[in-house]
Amino acid sequence: MFRVPLNQMAALILVSLVVGIITNSIRSDGISFFAKEIEVAEDINDVSGEPVAITLTQAKELFDQGVIFIDARDDEYFADGHIKNAWNSGFFMELMFRLDSLQSRNDPVVVYCSDDECGSSEELAYDLFNEGFNKLMVFQGGWIEWTGIGYPIE
Amino acid sequence: MNSNLKNMIVLGCRLILGIMFIYASLDKIAHPEEFAKQIGYYKALPFGLENTVAIILPWSELIIGLCFLVGIFVDGATLLSIIMMIVFILMISQAMLRGIDITCGCFKVSAEGEKLGLNTILRDIIFLAMSFVVLNRQERKFEFLPKYD
């Protein structure tokens, strides 16, 4: 029966499934079978720990407070236009150095990319979180939502 | 081309693919949560399925790699390798076309991972070609299961 390549393939998939599920259930850092969406912040002044998502209204409020915005898109998109005063994410180490030189790791930072269909802002937020930053907010509506309503850009 | 040379080429492809798959699986098996997030950043899977993939895919890679190296179920491993490479190429291409600026998650799932780029796609195309070389082999040298004699 295993001379048929498709049967071999099915067997390999089955073994992977069984081993994957069993090891995941017994290891201490196992994960749930389905991922949860990033949580939306209820109160933007009370954020700490894992990155949270924020709405356009919350993003504007933070923008008006002068919170640092980081653009997680590629350089060329940033050069074409970005939220006023936002930073280009650039090199990760440089970005951390720049943030550390201006504020503590408990101070708020907003990260955004094009819209909720791009993962770059979440990736950057979790990378910063792993480095000890713990007031990270992901503005999921991003560039498209911000420009759609005509908020300040440059 | 004489058959000895052909066999050597097939064996070379098996070795490279085997080592590549095993190497690619290790960091993912060690860090399932980070790997799941990395898949999520591609924004291509519905219903939170990135976790399901992160639980199973690294083990498939490890098992396929071992099959290539040891010479067990080479046909099945080759078919899976071809399917995986095609899926990876499609996933990377859609992310690049949509301008999603993320790290690959191909070998390392940490922040130091490589950025997506044309070289990532080119590399997967080379692995795909190597898989076809193995698939189209005429002789089964250094293969132990199943027995064809």
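Ranked by the mean number of other Cβ atoms within 10 Å of their residues, highest first, the peptides A:6-12, B:76-82 come out as B:76-82, A:6-12.
Rounded, prolate or oblate for chain B? Axes are the square roots of the Cα gyration tensor eigenvalues, ordered a ≥ b ≥ c, and the cut-off for rounded is a/c under 1.5. It is prolate, given that a/c is not under 1.5 and a/b is the larger ratio. Here's how it looks for A:Ile70: its modeled amide H is under 5 Å from those of A:Trp87, A:Val110, A:Val111, A:Tyr112, which are all 5 or more places away or on a different chain. Every helix of 4 or more DSSP H residues in chain A counts as -39500 (n - 2.57), and over all residues that averages to -13000 deg cm²/dmol at 222 nm. Which of these, B:Arg123, B:Arg137, B:Arg98, has the largest mean-square fluctuation under a Gaussian network model of chain B (Cα springs below 10 Å)? Per the Cα network of chain B with a 10 Å cutoff, B:Arg98 tops the list. Cross-link reach is defined here as a Cα-Cα straight distance under 19 Å, omitting same-chain residues fewer than 8 places apart; for B:Lys141 the lysines meeting it are B:Lys6. Does the protein assembly as shown come out rounded, prolate or oblate, given a ≥ b ≥ c as the square roots of the eigenvalues of its C-alpha gyration tensor, rounded meaning a/c under 1.5 and, failing that, prolate meaning a/b above b/c? Prolate, because a/c is 1.5 or more and a/b exceeds b/c.
Counting only protein heavy atoms and using a 1.4 Å probe, what share of the accessible area of the stretch B:3-135 belongs to carbon plus sulfur, as a whole percent?
76 percent
Distance between the C-alpha centres of the stretch B:35-94 and the stretch A:87-154: 30 Å, rounded to the whole angstrom. Neighbouring Cβ atoms from other chains, within 10 Å of the Cβ of residues in A:26-39, number 4 on average. When the Cα convex hull of the stretch B:64-135 is projected onto planes of every orientation, the mean area is 5.0 nm². Sequence gap at least 6, Cα distance under 8 Å: using those rules, report the relative contact order of the stretch A:85-154 to the nearest whole percent. Once divided by the residue count of the stretch A:85-154, the mean separation gives 35 percent. Within chain A, what percent of beta bridges assigned by DSSP are antiparallel, to the nearest 5? The antiparallel proportion sits near 5 percent. For chain B, the Cβ-based charge dipole about the Cα centre amounts to some 320 debye (Lys, Arg positive; Asp, Glu negative; other atoms uncharged).
Computed from backbone phi with θ = phi - 60° and the Karplus coefficients 6.51, -1.76 and 1.60, the 3J(HN,Hα) list for the stretch B:93-104 is 5, 5, 5, 5, 5, 8, x, 7, 9, 10, 7, 5 Hz; x is used for glycine and proline. Choose one answer from A:Asp71, A:Asp29, A:Asp107: the residue with the largest mean-square fluctuation in a GNM of chain A with alpha-carbon springs under 10 Å. So, out of A:Asp71, A:Asp29, A:Asp107, the one fluctuating most is A:Asp29. In straight-distance terms, cross-link reach from B:Lys28 covers every one of the lysines whose alpha-carbon lies under 22 Å from its own, apart from those fewer than eight places away in the same chain; here that gives A:Lys36, B:Lys37, B:Lys43, B:Lys108, B:Lys115. Estimated from helices alone, the mean residue ellipticity of chain B at 222 nm is -23500 deg cm²/dmol (sum of -39500 (n - 2.57) over DSSP H runs with n ≥ 4, per residue). Each chain gives up part of its surface: A and B jointly bury about 3400 Å² of accessible area, both sides summed, for a 1.4 Å probe.
Accessible surface calculations at 1.4 Å, restricted to protein heavy atoms, place chain A at 53 Å² per residue. Both radii come from the Cα set of the stretch A:52-148: Rg as radius of gyration, Rh as Kirkwood radius; their ratio Rg/Rh reads 0.92. Per-residue mean of foreign Cβ neighbours for A:96-105 is 0 (Cβ atoms of other chains, 10 Å radius). Dipole magnitude for the stretch A:22-154: about 260 debye, using +1 per Lys or Arg Cβ and -1 per Asp or Glu Cβ, origin at the Cα centre. Working from Cα pairs under 8 Å separated by at least six residues, relative contact order for chain B is 33 percent.
Considering only DSSP beta bridges with both partners in the protein assembly as shown, what is the antiparallel share in %, to the nearest 5? In the protein assembly as shown, approximately 10 percent of DSSP beta bridges are antiparallel ones. Among B:Pro32, B:Pro46, B:Pro58, the largest mean-square fluctuation in a Gaussian network model of chain B (Cα springs under 10 Å) belongs to B:Pro46.
The values are calculated or read from the model by the stated rules, or taken from the named source; none is laboratory data. What you see is a predicted model, and the numbers here were worked out from it, not measured in a lab. Cβ sites come from the backbone with ideal geometry, for glycine too, and all protein chains shown count toward neighbours. Side chains included, ligands, DNA and RNA excluded: accessible areas come from the protein's heavy atoms. Shrake-Rupley method; radii C 1.70, N 1.55, O 1.52, S 1.80 Å.
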